[in-house]
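The values are calculated or read from the model by the stated rules, or taken from the named source; none is laboratory data. All figures in this text were calculated on a predicted structure; none of them were measured in a lab. Cβ: placed from backbone, ideal geometry, glycine included. Neighbour counts: every protein chain shown. Keep in mind that these areas ignore ligands, DNA and RNA; they rest on the heavy atoms of the full protein, side chains included. Shrake-Rupley method; radii C 1.70, N 1.55, O 1.52, S 1.80 Å.
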Amino acid sequence: QVQLVESGGGLVQAGGSLRLSCVASGSVFNCNGMGWYHQAPGKQRDMVAFITNDGSTNYADSVKGRFAISRDNSKTTLYLQMNSLNADDTAVYSCYCPTKRTVYWGQGTQVTVSS
């Protein structure tokens, strides 16, 4: 079992920045990397960023150059630094941990960008 708790969401003006955090506990060693998804109202959930256990990263085209994903050395805290935010970034952001058997999700944190 892996538990994930996000924080750091909120209301920000367009052009501003936020940093999301995701604290993982439990059998984190089973995670095959970790990442972030977001889901806007009425839209499907989309991958935002992913980091492998060896530190390689992958980003959605819409956030490349603006967002940065990272993990602390213990791999128990995942971050998403979001810069140059725009209205299209408004969504619930959830972190996830894929394992061999299942995918664990956090409860999500709301990010709202005002124009």
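Close Cβ contacts (under 6 Å, 6 or more residues apart or on different chains) running from residues in segment 54-81 that are at pLDDT below 95 to residues that are surrounded by 14 or more Cβ atoms within 10 Å (Cβ to Cβ) and not in a strand (DSSP E or B) comprise Thr76/Val28.
Restricting attention to segment 6-33, report how many residues are part of a strand (DSSP E or B) and closer than 21 Å to Lys100 by Cα.
Of the residues in segment 6-33, the ones part of a strand (DSSP E or B) are 6-7, 10-13, 18-26.
Next, only the ones that are closer than 21 Å to Lys100 by Cα stay: 22-26.
Result for segment 6-33: 5.
Taken over segment 34-50, the criterion of being farther than 13 Å from Asp89 by Cβ, assigned to a strand (DSSP E or B) and more than 10 Å from the chain's Cα centre (by Cα) is satisfied by Arg45 alone.
From the set of residues in segment 63-88 that are in contact with a strand residue (DSSP E or B) (Cβ under 6 Å, 6 or more places away or on another chain) and hydroxyl-bearing (Ser, Thr, Tyr), which is nearest to Gln39 (Cα to Cα)? Within segment 63-88, the match that is nearest to Gln39 (Cα to Cα) is Tyr79.
Just one of the numbered conditions (1) more than 14 Å from the chain's Cα centre (by Cα); (2) open to solvent by 30 Å² or more (accessible area, probe 1.4 Å); (3) within 13 Å of Val2 (Cβ to Cβ) is not true of Thr76: (1).
Among the residues making up segment 89-114, those that are open to solvent by 40 Å² or more (accessible area, probe 1.4 Å) and either among the aromatic types (Phe, Trp, Tyr) or touching a strand residue (DSSP E or B) at 6+ places or on another chain (Cβ under 8 Å) (or both) are Val92, Val103, Tyr104, Trp105, Gln107, Gln110, Thr112, Ser114.
Restricting to segment 51-73, give me the number of residues that are small (Gly, Ala, Ser), open to solvent by 70 Å² or more (accessible area, probe 1.4 Å) and not in a helix (DSSP H, G or I). Step through it out loud before you land on a result.
Kept after step one, since they are small (Gly, Ala, Ser), are these residues of segment 51-73: 55-56, 60, 62, 65, 68, 70.
Subset that is open to solvent by 70 Å² or more (accessible area, probe 1.4 Å): 62, 65.
Filter once more, so that each one left must be not in a helix (DSSP H, G or I): 65.
Number satisfying all stated conditions: 1.
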